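Participant: Please read through the structure below; I'll follow up with questions.
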Amino acid sequence: DALVGGDALSAFLVGSGDGAFKTIFSQVVSLVEAQVAASNGRTLASRSHIMAVVIPSGIVAEDFACDDPNAALCSTAQTLTITASGNTADTTVDFYKDVATAATVQSVSPSSSFLQGNQLITVQLSSFSTVYSPSEVTIKVGTETVPQASVKVTGSNPTGFTQVTFYNPSAPEGVRTISVSPTRQPGNIGTSKFTYIDDRVPALAKPDPSPNKMYSDGGTTVTCTFSLFGDASITAANVAVSARLGSASSVTVASSSVTVSYDAVSSLTTVSFPSPSIAVTGTQSVTVSVQYVPTLKSVSFPLSFVAKPTTAATMSVIASTTGGATGDSTGLYAATLFLTNFQTVAASSELSVTWGTTTIASTAITLISSTVDATYVTVTVPYSATGGGVAVTCQASARPSNAGTATFTYVDVNQAELDGNLVPAQGDSGSDTTVRVSIKNIGAIYSIPSQLTVTPTAGLTSLAISISSIVYSDLTMLQLTLLMPKNQVAEATTVTFTIGPAATNALKTVTASFTYQPVGAPRIDFFTPTTYFTDGGPNMQVQAVNFLTAAPKEPIYVQFGSSTVNVTHADITFANPSDSFTGASFNITIPQAAATGSVTPVLIRDGVSTAFPYTFVYTTPPDVAISAVFPLSGFTSTPSTVTLTLDNFPAVTKKADGTYVRSEIVVVFGTNKVTGLAEITSDPTQVEPSLDPTRLQSIRVTVQPPCCSDSVIPGKTQIQVWHKNFPLRFAVTEEKNYFEYINPDNPRVQSVVGNNGAAEAKMSASTLVTLKVSNTPLGTTVADISVFVVLQGTSASVACSVEQLYAEDADG
């Protein structure tokens, strides 16, 4: 026996595919020893040799001639001779050509896996070139190459099968191609189909559909978001929606009314569909099934169907001030109406609310929410002239049977007050005087004088004042006449009295005063206005009784606290000039005041003082404002005029010749762009010509802005305006009314025409806009022009594409 273990050599040629040469060699040794022991029961002789021989490339030319040209595989037999110490041993080794044509995949086991992969796959191939290690094999699943670390060659025989194993990578659902080829001979590739199966179950990605409760008559849009439900190719035609009540037959939703969208970022699918009509009793659960037709996978979930209410709703009222169905009679606070068994509404415009006899204005109704379970509405509680309960009703348009009604209880806190002054507030003590009194917030309707009492409380406390008549009475207003009996006094004497219900009620009782003048003494019956701003300026009309017609020895004047205003005797109008004493009327100018507050004017004639019957009130004037500037631009080097509209501007002095003292109006154009006084080029004009020009009001004034100097540079500048006599009450233009100085040599946009023939552009698509630009150089081309859109209030700009330059002339 020159050689033992031919089978061992054959096993070596097949190889284990485990890689390390030493491991292969040790396996061969073990196998040879086992075969010798099996054949004669002896171990290898001491002179026996076991060796591993690596046959280098090039021993046989790659283009060798086949020993049998008709064989399926081309091979040639070569003798392997081993020589040692003069002894030789021979054996035959068959060399095969690599297969250049496609291999055949005999089997793939298993032929499918779940999406996560990592499944051990075994592939058997025939007509495959001999390979010994993973580095000699390229395996792909789809387009992804399998890492060599997961590949094993478990057998490779050119006349038999080649078997490889590997762990497949993860992949999306669907069929992929497995390809196996020798790395050195890519054309000897074997391919087979492999299926990835999605074993995951689709589910709602959010806890509940929206909404999850609806009316049973159908038509409510339900939106659901699913995970593992289709992919970017999904359409409404791939989705089937049905609903079922209990064991009843399913109701299918038409696919034409289903909408589907897929979010590639989150891999979530959103499905919207109208709820079907299913008759229910009260509230019942309906099972909805949404199926992805290509995989037959579906998601089922419950929806609550509610029979649409048609009977009266249940309503409660909660006032923001008390937390219950009660509140002050002053009103003007918020209350929430909470309705159940009430059909849903989409907007507050569908609702009408009545509060007692008052219909709440639509602007005072706010719909907070409206669902199948409940509707929340907030309203502004109206004023009530009295306390007690009122009915509150809320209903949707054309659904009176579904209205909700509740009771709200007012707590009357409205203190009765005099509405204006007594007319007159003074009288001659030598005769009876009829006085008219108006009282608001009276809270009751009175029809006869005996329902009221008049009680003197100070001054002439024994005076018997009676009610002559009730002129008008409702819950909010009472007008009556009093008879102040004659009660001669030597000097002005004031009686203070109360007017109120016969049944004592301090909340509905007012206090008034009447002054008795000595017989024949002058008195002030009436004056207007009774209040004005601290600016002063307008005329006050005064009416007096028992006024001397003769010329005074000293100037007549009216004292307002520390200020005095002269009354020219010649300007007084007398009722009967021939009488020594008669009625008189005259006008005086209301003086300025240093602060707000009340003052009692006093008429003084030749040392005799006659106090006005009630006080005059000074109030805080409103702030001056610049409401309009036109035009909003002018040139830096050319004079221009600008008209300003000034609101709440103090009166400008009007001279005897009818012109105004323009210097009282101060206009400054002032920022870092320019600083300078504007020239007032014409008299101011009244926005409302019918107003007394001596009153604070809105005026228009035309000015010439500073220009034509180095201090005036292009850019926007604010405008400040004030009255010379009231410098602290100045107005500053808002940014939208800034005045812009323009360099006349720079290009200027004259007009913008876009969507709808206006300076508009679409938000949803590009818009072709035509610009007319002046002061552009002749010969300008499209390449010379850049156009940017800048969003107001930001610095962000967007470049526009200039499409066409279609006209040009000397102006631009």
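The values are calculated or read from the model by the stated rules, or taken from the named source; none is laboratory data. On a predicted model such as this, the values are computed, not experimentally measured, just so you know. For neighbour counting, all protein chains shown are included, and Cβ atoms are generated from backbone atoms with ideal geometry for every residue, glycine included. These area figures cover heavy atoms from the full protein model, side chains too; ligands, DNA and RNA do not enter into them. Shrake-Rupley method; radii C 1.70, N 1.55, O 1.52, S 1.80 Å.
Participant: When the distances between all Cα atoms of the range 80-169 are binned every 5 Å from zero, what whole-number percent does each bin get?
Facilitator: Cα pair-distance distribution for the range 80-169, in percent: 3, 12, 19, 20, 14, 9, 7, 6, 4, 3, 2, 1, 0.
Participant: Taking Cα pairs under 8 Å and at least six residues apart, what relative contact order does the range 305-354 come out at, in percent?
Facilitator: Across the range 305-354, relative contact order equals 39 percent.
Participant: Given Cβ point charges of +1 (Lys, Arg) and -1 (Asp, Glu) and nothing else, what value in debye, to the nearest 20, does the dipole of the chain about its Cα centre take?
Facilitator: Once rounded to the nearest 20, the dipole reads 1420 debye.
Participant: Show me the ranking of peptides 253-262, 212-221 by mean Cβ neighbours inside 10 Å, starting with the highest.
Facilitator: 212-221, 253-262
Participant: Could you tell me the relative contact order of the chain? Use alpha-carbon pairs under 8 Å, at least six residues apart, and round to a whole percent.
Facilitator: 5 percent
Participant: Follow-up. Rounded to a whole number, what % of the accessible area of the range 635-731 do carbon and sulfur atoms account for, probe 1.4 Å?
Facilitator: Solvent-exposed carbon and sulfur of the range 635-731 make up 53 percent of the total.
Participant: Please quote Rg/Rh for the range 257-322 to two decimal places, taking the Kirkwood radius as Rh and restricting both calculations to Cα atoms.
Facilitator: Reported Rg/Rh, Kirkwood definition of Rh: 1.19.
Participant: Rg to Rh ratio, the range 540-676, alpha-carbon atoms and Kirkwood radius?
Facilitator: Checking Rg against Rh, the ratio lands at 1.16.
Participant: Turning to a different aspect of this structure: Per DSSP helix of 4 or more residues, -39500 (n - 2.57); summed, then divided by the residues of the chain. What does that give at 222 nm, rounded to the nearest 500?
Facilitator: -1000 deg cm²/dmol
Participant: Can you list the equivalent-ellipsoid semi-axes of the range 557-625, largest first and in whole Å, using the square root of 5 times each Cα gyration tensor eigenvalue?
Facilitator: Over the Cα atoms of the range 557-625, the semi-axes work out to 28, 14, 11 Å.
Participant: Let me ask something additional. I need to check one value: relative contact order of the range 134-290, counting alpha carbon pairs closer than 8 Å and at least 6 residues apart, in percent.
Facilitator: Contact order relative to length: 18 percent.
Participant: Could you rank the peptides 461-470, 349-358 by their average count of other C-beta atoms within 10 Å per residue, with the highest value first?
Facilitator: The densest-packed peptide leads the list: 349-358, 461-470.
Participant: Where the centre of each part is set by its Cα atoms, how far does the range 549-621 sit from the range 376-407, in angstrom?
Facilitator: After rounding, the separation between the Cα centres reads 53 Å.
Participant: Within the set K486/K553; K736/K772; K654/K724; K213/K297; K736/K762; K206/K297, which residue pairs have Cα atoms separated by over 20 Å?
Facilitator: K486/K553; K736/K772; K213/K297; K736/K762
Participant: Note the full-extension length gain between K772 and T457 as 0.36 nm times their separation in residues minus their Cα-Cα distance, in nm to one decimal.
Facilitator: Stretched out fully, the K772 to T457 stretch lengthens by 105.3 nm.
Participant: Once you compute Rg and the Kirkwood Rh from C-alpha atoms, what is the Rg to Rh ratio for the range 539-584?
Facilitator: 0.98
Participant: Related question: If you split all Cα-Cα distances of the range 607-744 into 10 Å bins from zero, what percentages do you get per bin, shortest first?
Facilitator: With a bin width of 10 Å, the distribution comes to 11, 39, 27, 13, 5, 3, 1, 0.
Participant: Against the empirical 2.2 N^0.38 Å scaling, what ratio does the C-alpha Rg of the chain come to?
Facilitator: Cα Rg divided by the expected 2.2 N^0.38 Å: 1.88.
Participant: Oh, and also: Excluding residues fewer than 8 places away in the same chain, name every one of the lysines whose C-alpha is closer than 19 Å to that of K140.
Facilitator: Correct list for K140: K152, K193.
Participant: Continuing with this model, one more query. Once both axes come from the Cα atoms, what is the angle between helix 21-40 and the longest principal axis of the chain, in degrees from 0 to 90, rounded to 10?
Facilitator: Tilt relative to the chain: about 40 degrees.
Participant: First measure r as the distance between the Cβ atoms of T92 and A71, then evaluate 1/(1 + (r/R0)^6) with R0 = 22 Å and state the FRET efficiency to the nearest 0.05.
Facilitator: 0.90
Participant: From Cα coordinates alone, what are the radius of gyration and Dmax values for the range 664-812 in angstrom?
Facilitator: 20.7, 61
Participant: Please give, to one decimal in nm, the separation of the simple spin-label points placed at T354 and A628, each 7 Å out from Cα toward the Cβ.
Facilitator: 4.4 nm
Participant: Taking the Cβ-Cβ separation of E740 and R436 as r and a Förster radius of 60 Å, what is the calculated FRET efficiency to the nearest 0.05?
Facilitator: Once rounded, the FRET efficiency stands at 0.50.
Participant: Per residue, how much accessible area does the chain have with a 1.4 Å probe, in Å²?
Facilitator: 53 Å²
Participant: Once neighbouring chains are kept in place and the probe is 1.4 Å, which whole percent of the accessible area of the range 280-375 is contributed by carbon and sulfur?
Facilitator: Here it works out to 55 percent.
Participant: How do the peptides 781-789, 568-576, 387-395, 318-326 rank, highest first, by the average count of neighbouring beta carbon atoms within 10 Å per residue?
Facilitator: Averaged packing, sorted descending, gives the order 387-395, 318-326, 568-576, 781-789.
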